[in-house]
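Read through the structure below, which is laid out as structure tokens, and then see the notes.
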Amino acid sequence: MQYGKLSIMETTVKLECVHKPSTTVKSAYSSQECGVCHYPDRTNRPDQQTFCCVVCGFSTHADHNAALNLARRLEDAELRLSGKARDQSTAHEAT
């Protein structure tokens, strides 16, 4: 595990300890997709901390933008991982 990052399993365990449900969503391109117009492009990330959409001009901290995208994906059944996909993702992280 890298410093400052929790695995899916570690996050789930922490949530269970405080009786909060967890849901896994697909995270692919969440840091490159605009939280406002949803245009995905690697040039939206000029550096590690900055997000600035090349289409609509939305600008914020990159982590905040990714969080907006992941929160929106909770509402999209196609972007939520099924139990089988979640188990495979967890197994992949453990290796």
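Where a number appears in this text, it was derived from the coordinates with a stated rule and is not lab data. Computed from a predicted structure; not experimentally measured. Note: ideal-geometry Cβ built from the backbone for every residue, glycine included; neighbour counts use all protein chains shown.
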Could you calculate the contour length gain from L70 to Q48, that is, 0.36 nm times the residue separation minus the distance between their Cα atoms, to one decimal place in nm? 6.1 nm
Listed with the fewest Cβ neighbours within 10 Å leading, F58, F51 appear as F58, F51
